[in-house]
Amino acid sequence: MDHKQQVGAQSHVEMGSVEDRSMLDLDDECLDSPGTEAQKTQMPFSGQQLPFSDGFPIGGNKMIRNGVYGSIKTVVFSNKLNLLMPFGPLAILVHKLTTSNGWVFFLSLLGITPLAERLGYATEQLAFYTGPTVGGLLNATFGNATEMIISIYALKSGMTRVVQLSLLGSILSNMLLVLGCAFFCGGLAYHRKEQVFNKATAVVNSGLLLMAVMGLLFPAVLHYTHTERRAGKSELALSRFSSCIMLVAYAAYLFFQLRSQNDLYSPIDEEGSHHEEGSDNDEDEAPEITKWESVIWLTILTAWISILSDYLVDTIQGASEAWDLSIAFISVILLPIIGNAAEHASAIMFAMKDKLDISLGVAIGSSTQISMFGIPFCVVIGWMMGREMDLNFQLFETATLFITVIVVAFFLQEGTSNYFKGLMLILCYLIVAASFFAHEDPTTTDQSKQPKT
């Protein structure tokens, strides 16, 4: 019996060694192909070993189906905010069956909210494969893609004033409401200490925001002082020239931040020392979907946002009349609050995790993108489309932006935050909201009466 058991055990060991050698050979063959290790960490089903024969997967159709299912599960079903996605098709259905512009506008706004968040997610996933420089350009392009798509459709409809007000509202919302809520919630979570953030990043962003205010201020001053050399032309020419300069300045800022002085803009700890962004949580930095899946999802989400944006722009006038609210209040207050709900939530979440640098990147960084890239870009696009969009945001709106930038710059100059600073920023936003509720913009009324071309 002992001899039989010994023989059986020996044969079992030999069979196990043969299987081990075959598996090792298989691993060696797989490792011969470049980028295999990256694919194992990138695929959502990377934990499963897939058999290969002569370089082709066995059961390829099943693997493709599993890959598609895994991608959809990761992008669509992994976020509770995606429960709002059905409101998009519902808005189209209501538009076809009824004439209620108010409901179509509201449902379209709810349907765009999760799409905007998923668009940012897909951009972040693609940035893993492109490196920091191209990733920064992708974030600059798609970071505020929802606002840009809505603005382009509004420009196409000749509603240049809606473009100005919606972009202005995004800046005010990010600087006061988003940053204020992040400071307030983070301060409550860490009420026994002052949270710290990278002051160098805040100072540079504040400088860019002041430059953007300067670009918006001079066309408005030129208009209201009646000092144009060519009436009706100098203001538009100055706006287009300033827009090109602002785009160049923003491109230089991206190069400066991502290439020249990258170490100065890394997050800091409580002692004020810099550390690398990915040093703490390396496992959180692994991509969840592949590169081509990210590209496909970016295409799908951008197309779907474009469709809903068309319905949103077409019904904004009807919603204004149905709700008895001015277009200025809807564009400056309602559109940014609901449309940027995902950014609001992420900024608050990172602040409560004591990651204020990321919260500032969401709030102040997004405001910098819109003011230095979004607004000038819309001016240039309007120039190409034959729309006379300028940087004259009118006196009331320009003064509001100027005062907001000054207030936020004072709050950021120390490099620390607490719940009291957050509360002050939230209260400032309530004052701004009440001001636009009481403000009637005559230019939006004039544009709404013009026929679409």
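The values are calculated or read from the model by the stated rules, or taken from the named source; none is laboratory data. Nothing here was measured: the structure is a model prediction, and the numbers come from that model. Here Cβ is always computed from backbone atoms with ideal geometry, including for glycine, and neighbour counts include all displayed protein chains. Quick note on the areas: whole protein, heavy atoms, side chains included, nothing else; ligands and nucleic acids left out. Shrake-Rupley method; radii C 1.70, N 1.55, O 1.52, S 1.80 Å.
Tabulated data
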item	result
For the stretch 165-207, projected area of the alpha-carbon convex hull averaged over all directions, nm²	3.5
Relative contact order for the stretch 182-264, counting Cα pairs under 8 Å that sit 6 or more residues apart, in percent	23
Test item: Cα-centred dipole of the stretch 297-434, Lys/Arg +1 and Asp/Glu -1 on Cβ, debye	380
Computed E for TRP292/VAL221 - FRET, C-beta separation, R0 60 angstrom, nearest 0.05	0.75
Inter-label distance, nm, simple model (7 Å from Cα along the C-beta direction), MET424/ILE403	1.6
Segments 222-229, 79-86 sorted - mean Cβ within 10 Å per residue, highest first	79-86, 222-229
For the stretch 406-413, 3J(HN,Hα) per residue [Karplus equation, 6.51 cos²θ - 1.76 cosθ + 1.60, θ = phi - 60°, Hz, x = Gly/Pro]	5, 4, 5, 4, 5, 5, 8, 5
Rg [Å, one decimal], Dmax [Å, integer] - the stretch 352-437, C-alpha atoms	15.9, 48
Candidate residues MET384, MET175: accessible-area rank, largest first, probe 1.4 Å	MET384, MET175
